[in-house]
Each structure stands twice: as structure tokens, then as C-alpha cells.
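Q: What follows is a single structure, and I will ask about it in a moment.
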Amino acid sequence: MNKILAALKLLLKNPLYLLLALVITVLLFLVYFVVNDLSYYRTALSLSSGPWFLWKIFSHHLWLISQATSWANVAAVGLVAALGGINLSLTLLRVVRTKVFLGREGFSSLLGTLGGAFAASCSACGTALISLIGVSGGLALFPLKGLEISLLAVAILSVALYFLGKSLVEFGIAGK
Amino acid sequence: MAKRKLDFLKYQTLFLPASILLGGLAIALAIIFTGGININKGSNTGNVAGDPNQQVPVSLDDDPVLGDPNAPLTLVEFVDYECPFCQSFANETFSQIKQRYIDTGKVKFVMRDFPLDFHDPAATTSAIAANCARAQGGDETYFSYHDEIFTRTAANGEGLPSGGYAAAAQKLNLNTSQFNSCLEGEQFKSEVTADVDYLSQLIQDYPAPFSMDYGAPTIGTPAFFLGKSDSSGTIQAQFISGAQPFESFAQAIDALLNE
């Protein structure tokens with residue numbers, strides 16, 4: 001836990017990397033939902049590309065998912081995106097300061113970040129990304145409607161953040 | 001310091017596979033976002049995979065119609081009564097479309113069935129029940145029964161509570177023994193299956209608008225088709241994917257009305 005806190009404190013002390021983490025978080029959150037519903041967004045884009053219209057499309061998508069699952073599912077995907085953003089930003093910080101590209105956490109960080117994509121849902125039945133791995137019924141088949149995948153991704157990314165924090169402390173970049 | 005150097009060398013070996021992995025991910029995302037791989041499945045349509053604007057011919061069959069039969073535009077929905085997104089559309093967006101476009105004679109709305117197998121048997125049972133209601137009271141009763149199903153179903157294949165179908169029929173003053181006999185005898189199952197077969201074949205024959213999800217032609221529910229009305233009973237239609245907000249339907253309908 002101390003290692004995770006050390007990593008988070010380091011991030012807070014580096015506004016540039018904090019901003020990067022925020023940007024990656026927002027992008028991941030968007031990608032997680034868009035990638036699950038490409039036809040929905042391409043239909044929308046074929047009608048209009050105005051920012052207000054696209055915002056309406058995206059917010060409606062989130063609302064649909066909250067109705068079909070719960071707001072907790074949407075928030076969990078947000079948490080996965082945030083942890084993915086923090087991990088990627090801190091990994092970059094370490095690369096810049098130490099030239100070490102991947103550590104023990106590299107694989108789990110990547111796995112958790114990619115796994116988040118399967119936790120989001122779509123606005124139509126039968127077209128979610130998870131159908132690619134043979135789950136034709138989508139997230140509706142899971143007892144918690146995909147919250148399980150989000151929580152698994154959160155756990156994996158937390159472990160990755162722990163090892164990242166440990167490595168940053170060992171390199172003397174983050175305080176103990 | 002020496003240990004760090006060793007660590008660095010150890011991790012450095014991961015650089016190449018990680019770069020390949022990230023590069024692969026970037027390429028995969030690029031393919032996805034540019035509309036998928038062209039998999040034109042031997043049809044003679046000359047379609048370009050992933051084109052959301054490609055028009056497809058959609059038959060109205062003999063399915064229930066809501067609104068003025070002479071309305072200039074036709075909106076067809078393929079519905080799964082157990083799909084939560086169809087439910088959201090029915091309970092939230094549909095009333096706005098009805099008020100602005102159907103009740104004003106601009107659009108007629110046609111409902112066709114597409115129960116997804118992972119929502120069965122409840123999805124098909126609901127589709128049959130709605131057709132049984134129509135057999136007694138016509139298209140208007142069909143749509144009233146449609147509303148009743150979506151108000152009562154727990155969705156995702158859980159269906160209506162026990163006795164739910166009969167209770168809905170009773171509420172609409174239908175002859176319940178006749179209704180139950182129709183439902184239990186699965187009188188309209190072939191009608192429902194024919195709709196499923198029709199749409200499944202359509203996406204194979206005209207894959208372009210349905211190839212937007214990961215390259216392969218797929219379709220989910222709700223699926224909509226909007227086009228100018230045609231006395232032949234088949235419209236040349238634009239595909240509208242998923243439970244879009246009212247604004248999307250308004251954009252598409254207004255654009256077509258202004259042509």
C-alpha cells in the first residue's frame with residue numbers, strides 16, 4: 001500500500017505527468033466504450049459530427065449502460081481507465097528518468113488496461129467486444145453484468161501500480 | 001548500482017516484444033476505427049465493407065404498422081423483446097419519435113422480430129405473444145401489447161413474471177383463452193423465425209453497413225432501417241444501429257424529409 005501511495009505522491013508532485021495521466025484516463029474511458037459499439041458511433045458520425053451531438057451520443061450511451069447494468073458498472077470502467085492512466089504515465093516517467101522501459105508490472109499493466117475494454121458494454125444486444133472471445137450473449141450473461149471484469153482489471157492494475165511504485169522507490173525517484 | 005544495471009539489461013530484452021505488442025495494438029485499433037477489413041462475402045452488391053451510409057433493400061413483409069400508411073418515410077425496427085436496449089428505446093425514445101413524426105403523418109413505423117438466441121426462450125415467446133395480440137386486435141393492439149411487454153419484462157432473457165402475458169392480454173381486453181391457446185400453440189413461431197432468417201440473410205447479402213464491428217458482418221438489437229416509403233413493400237433504407245438517442249433519429253428523418 002505504501003508503494004502505491006509513494007507512486008501517487010510522485011504523480012501529484014509532477015504536474016506534467018499528472019496531466020498526462022488525466023488525458024490518458026479520459027482517452028481510455030472513451031476508447032473502452034467506443035470500441036464496444038463501433039456501429040453505434042459510426043451511425044452517429046454519419047448523421048452529424050457536431051461536438052454537442054457527439055456529446056449527446058456518448059452520454060446517452062453511458063445512460064443506456066447504466067439502465068441495462070448499473071451506474072456502478074460505468075464507474076468501475078472509469079476506475080480501470082484512471083488506473084490505466086496512472087500506470088502508463090508513471091511508466092513513462094520512469095522511462096524518462098531511468099531509461100528502463102518495462103518492469104515486473106509491465107505485463108500486468110498492459111493486461112489490466114486491455115482487459116478494461118472488455119468490461120464496457122454497448123448500446124445494442126449482441127455486438128459488444130466480448131463477443132469476439134466467444135461470449136455471444138455479451139456482458140448480460142455475467143451475474144454482475146461485466147462488473148466482474150472491471151474488478152479483475154482493477155485488481156491487476158493495482159498490483160501493477162504496487163510494483164511500479166516499488167521500482168520507483170528502488171530507483172530513488174519516489175520517496176519511501 | 002551494478003544490480004540496477006543488471007535489471008536494466010534484463011528488462012531491455014522485453015523492449016522488442018513490448019514494442020511489437022504495442023505496434024500490433026495500434027494497427028488493430030487503426031483497422032477497427034477505419035471500418036474493418038473488407039470481407040465482401042461473395043455478394044454481387046459491390047459494397048464497401050464498413051460503409052454506414054450504404055442503402056439496403058428492406059422488406060416490410062406483412063408486419064405491424066403504426067402511423068399513416070401513406071407517410072412519406074418508413075422506419076423499420078427489428079426488435080428483441082428481451083434486449084434491455086430495445087426496452088430503453090421503447091420506454092424513452094420511441095414516444096418522442098411517435099409524437100413528432102408518426103402522429104404527424106411523416107413516418108410510419110414497422111415492427112419486425114429479431115429475438116436473439118441467448119435471450120430465448122423468453123424473447124421468442126414475447127414475440128409470439130405480441131403477434132397473438134395482433135391477431136385479435138390488429139396493429140394498434142400489437143403496439144399496445146408491445147408497450148405492455150416492455151413495461152413488464154425483467155429483460156436479458158428473464159422474461160415476464162408468471163402469468164404476465166395473460167395479464168397483459170387481459171389489460172387490453174383481449175379474449176384470454178383465445179390468446180393463451182395462440183401462445184401455447186406457438187401459432188406465430190414461423191412468422192417470428194421468418195423475420196430472423198430474413199435479417200440474417202440480409203446482412204450476408206449486403207454486408208457493408210453491418211461490417212462496422214471488428215470487420216465481420218454482425219447485427220445487434222435494436223436495429224433500425226429508415227427510407228422513403230415505397231408502394232412495392234420494400235424500402236431502400238439506411239441502417240441505424242443501436243438504441244440511438246432521439247437526436248439521431250431526428251437528424252436522419254429530417255435529412256430525408258428535406259431531400
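The values are calculated or read from the model by the stated rules, or taken from the named source; none is laboratory data. Bear in mind that the values here come from a model prediction, so they are computed numbers and not experimental data. So basically every Cβ, Gly included, is an ideal-geometry build from the backbone, and we count neighbours across all protein chains shown.
Q: For the structure I just gave you, tell me whether A:L64 is modelled with pLDDT of 65 or more and facing another protein chain (nearest Cβ under 8 Å).
A: Working: modelled with pLDDT of 65 or more: yes; facing another protein chain (nearest Cβ under 8 Å): yes.
Answer is yes for this residue.
Q: Looking at region A:32-45, which of its residues are more than 8 Å from every other protein chain (Cβ to nearest Cβ) and either surrounded by fewer than 21 Cβ atoms within 10 Å (Cβ to Cβ) or not polar (S, T, N, Q) (or both)?
A: Of all residues in region A:32-45, those more than 8 Å from every other protein chain (Cβ to nearest Cβ) come to A:32-34, A:36, A:41.
Passing the criteria: A:Y32, A:F33, A:V34, A:Y41.
Q: Within region B:116-127, how many residues turn out to be closer than 25 Å to B:N175 by Cβ and crowded, with 24+ Cβ neighbours inside 10 Å?
A: The first filter runs over region B:116-127 and keeps only residues closer than 25 Å to B:N175 by Cβ, leaving B:121-127.
Retained after the next criterion (residues that are crowded, with 24+ Cβ neighbours inside 10 Å): B:123, B:126-127.
Result for region B:116-127: 3.
Q: Separate question: Scan region B:146-181 residue by residue and report those that are of a type in the set (V, I, T), touching a residue at least 40 places away in the same chain (Cβ under 8 Å) and within 16 Å of B:N131 (Cα to Cα). Before the answer, list the steps.
A: Looking only at region B:146-181, we keep the residues that are of a type in the set (V, I, T), and these are B:149, B:151, B:153, B:176.
Next, only the ones that are touching a residue at least 40 places away in the same chain (Cβ under 8 Å) stay: B:149, B:151, B:153.
Within region B:146-181, B:I149 is the sole residue that qualifies.
Q: Still on this structure: Please tell me if B:S162 is out of contact with any Gly (no Cβ under 8 Å at 6 or more places or on another chain), surrounded by fewer than 23 Cβ atoms within 10 Å (Cβ to Cβ) and away from every other protein chain (no Cβ under 14 Å). Outline the logic, then answer.
A: Details: out of contact with any Gly (no Cβ under 8 Å at 6 or more places or on another chain): yes; surrounded by fewer than 23 Cβ atoms within 10 Å (Cβ to Cβ): yes; away from every other protein chain (no Cβ under 14 Å): yes.
The answer is yes for B:S162.
So that you can scan it fast, the table gives a plain yes or no per residue for (1) closer than 30 Å to A:L47 by Cα; (2) aliphatic (A, V, I, L, M); (3) in contact with a Cys (Cβ under 9 Å, 6 or more places away or on another chain); (4) within 14 Å of another protein chain (Cβ to nearest Cβ):
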| site | (1), (2), (3), (4) |
| --- | --- |
| B:Y81 | yes, no, no, yes |
| B:C86 | yes, no, yes, yes |
| B:E92 | yes, no, no, yes |
| B:Q99 | yes, no, no, no |
| B:D113 | yes, no, no, yes |
| B:D120 | no, no, no, yes |
| B:T125 | no, no, no, no |
| B:N131 | no, no, yes, no |
| B:D139 | no, no, no, no |
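Q: Let me ask you something else. Output the residue which, of all residues in region B:238-250 that are at the interface with chain A (Cβ under 7 Å from one of its Cβ atoms), under 24 Å from B:I203 (Cα atoms) and more than 13 Å from the chain's Cα centre (by Cα), is surrounded by the fewest Cβ atoms within 10 Å (Cβ to Cβ).
A: Once the filter is applied, the top-ranked residue is B:P245.
Q: Next up: Go through region B:128-148 and report how many residues are under 18 Å from the mean Cα position of the chain (by Cα) and either at pLDDT below 95 or over 17 Å from B:L60 (Cβ atoms) (or both).
A: 2
Q: Further question on the same structure: Against the condition out of contact with any Asp or Glu (no Cβ under 8 Å at 6 or more places or on another chain) and closer than 15 Å to B:V79 by Cα, how does B:L199 come out, does it pass?
A: Numbers: out of contact with any Asp or Glu (no Cβ under 8 Å at 6 or more places or on another chain): yes; closer than 15 Å to B:V79 by Cα: yes.
So B:L199 fits the description; yes.
Q: Let me ask another. Any idea which of (1) within 16 Å of the chain's Cα centre (by Cα); (2) among the polar types (S, T, N, Q); (3) part of a helix (DSSP H, G or I) is the one A:N36 doesn't satisfy?
A: Going through the list (1) within 16 Å of the chain's Cα centre (by Cα); (2) among the polar types (S, T, N, Q); (3) part of a helix (DSSP H, G or I), A:N36 breaks only (3).
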